1. Here's a check for you: in the range 7-46, which residue that is outside any helix (DSSP H, G or I) and open to solvent by less than 50 Å² (accessible area, probe 1.4 Å) is farthest from Arg73 (Cα to Cα)?
2. In the range 47-58, what residues are of a type outside the set (Asp, Glu) and open to solvent by 70 Å² or more (accessible area, probe 1.4 Å)?
Amino acid sequence: TKLGLSGDQVEVLRTCMAEMSISELMDSAGGMNRIRFRNSVIAPLMQAGLIEMTIPDLPRSGNQKYRVTVRGRALVAGRDKP
């Protein structure tokens, strides 16, 4: 993509239209080490404003899920041209 997203990051954006846990996202992307997945896939997407936590005040909560932001949805739909 124009943002230089990896295949795993693109898959997470496509999959994460509904709120999903990190485990569910890892399964959709083919699975990998949880810490590596969080650092190489989730963190860059959050920094780019493409996904967000459902409980931002408790980032380590066992109930934490992730969802695509408005900007992320636009990117997936092909409307975001950075």
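1. Residues of the range 7-46 outside any helix (DSSP H, G or I): 16-21, 29-33.
This time we only want the ones that are open to solvent by less than 50 Å² (accessible area, probe 1.4 Å), so: 16, 20-21, 29, 31-32.
Details: Cys16: 10, Met20: 15, Ser21: 18, Ala29: 18, Gly31: 23, Met32: 25 Å.
By that ranking, first place goes to Met32.
2. Answer for the range 47-58, where residues must be of a type outside the set (Asp, Glu) and open to solvent by 70 Å² or more (accessible area, probe 1.4 Å): Gln47, Pro56, Leu58.
The values are calculated or read from the model by the stated rules, or taken from the named source; none is laboratory data. Note that the structure is a prediction, hence the values are computed from the model and not measured. Please note that ligands, DNA and RNA were not included when accessible areas were found on the heavy atoms of the full protein model with its side chains. Shrake-Rupley method; radii C 1.70, N 1.55, O 1.52, S 1.80 Å.
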